[in-house]
Amino acid sequence: MAYSTILNVMVGAARKASRPIRRDFGEVENLQVSVKGPANFVTKSDKRTEDILSNELQKARPTYGFLMEESGEIPGTDGQHRWIIDPIDGTTNFIHGIPHFAISIGLERAGTLVAGVIYNPITDELYIAERGRGAFLNDRRLRVASRRKLADAVVACGIPHLGRGDHELFRSEIGKVQAKAAGIRRMGAASLDLAYVAAGRCDAFWERGLSEWDLAAGILMVREAGGRVEDIDGGSEAMHTGNVLAANDELFTQMQKELKIGRQ
Ligand code: IPD
């Protein structure tokens, strides 16, 4: 498939960064048996991945700014463009040798998401999206699933863990969804959860307390696949509030109703 120039740059950076990740992942699998585990090793891998991505993107577009999970905000000189990067989304999976994590790169122009790449280097699944041009998985055009009933839907979610988020609220929300949906999944990488909604593998996804780098590329992916992504409690600013709900139009409304009941 012929990519636009900007997607070429983004895919090239993701592929380059993926080689050391694959090598490190093999090492992580060996480190599971050590008492300390691979956590420190993975932190280094995260940082190295971020450096490779930012170097590649900077070479191609020297005036653009960055928002990155490890290094934070680095303003650009053009004041218009910003790369939003999670070098390894799904770090906990990575640490535990679970091959479900991704490089996530979003590009914003004047505050609007215009391009996104999500790449799982282990399964070699490459998701790309460009504003107004659709979303694709390894060259196959994506559409969100068209199921209309929650009773038929598989819903992905994020579970707040130790020291994070409102556990009680989550328990009441999952209770409501559990009573209505065909199945619930917690896979551990928000960018891939959104990509799975875009690909019609999951019918909906909700999670609270995410960061912009977890969301940028995935939000565009779902929108370009014809889905709806908004803040759980209303409004289009999910990327800034971090509380995200994604689905087709019909299921979005049903999910929002259940999550609202969960809050009462
Ligand atoms: C995490 C993953 C996970 C979500 C967490 C995120 P990270 O990102 O997306 O699915 O539940 O809230 O922090 O830390 O692995 O980049």
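The values are calculated or read from the model by the stated rules, or taken from the named source; none is laboratory data. Everything numeric here is computed off the predicted structure, so don't read it as measured data. Ideal geometry is used to build each Cβ from the backbone, glycine not excepted, and the neighbour counts take in all protein chains shown. Just so you know, the surface numbers come from the protein's heavy atoms only, side chains and all, with ligands and any DNA or RNA stripped out. Shrake-Rupley method; radii C 1.70, N 1.55, O 1.52, S 1.80 Å.
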- Message: Out of everything in segment 73-112 that is without any contact (Cβ under 8 Å) to a residue 40 or more places away in the chain and in a loop (DSSP other than H, G, I, E, B), what residue ends up being nearest to the chain's Cα centre (by Cα)?
- Response: 111
- Note on the structure: Those residues of segment 141-189 which are of a type in the set (A, V, I, L, M, F, W, C) and in a helix (DSSP H, G or I) amount to 150, 151, 169, 170, 174, 177
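Yes/no matrix, rows are residues, columns are (1) free of Cβ contacts under 8 Å to residues at least 60 places away in the same chain; (2) of a type outside the set (Gly, Ala, Ser); (3) within 17 Å of residue 8 (Cα to Cα):
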site	(1), (2), (3)
114	no, yes, yes
128	no, yes, yes
135	no, no, yes
150	no, yes, no
163	yes, no, no
178	yes, yes, no
188	no, no, no
191	no, no, no
- Message: residue 186 - would you say it is within 12 Å of the ligand (Cβ to nearest atom), in contact with a Cys (Cβ under 9 Å, 6 or more places away or on another chain) and open to solvent by 70 Å² or more (accessible area, probe 1.4 Å)?
- Response: yes
- Do we have any residue at all in segment 244-259 that's within 13 Å of the ligand (Cβ to nearest atom) and buried (at least 20 other Cβ atoms within 10 Å of the Cβ)? yes
- Message: Among the residues that make up segment 220-232, is at least one of them outside any strand (DSSP E or B), within 16 Å of the ligand (Cβ to nearest atom) and open to solvent by 40 Å² or more (accessible area, probe 1.4 Å)?
- Response: no
- Which condition breaks for residue 164 when tested against (1) open to solvent by 30 Å² or more (accessible area, probe 1.4 Å); (2) within 16 Å of the ligand (Cβ to nearest atom); (3) not assigned by TED's automatic domain parsing to the domain that holds residue 184? (3)
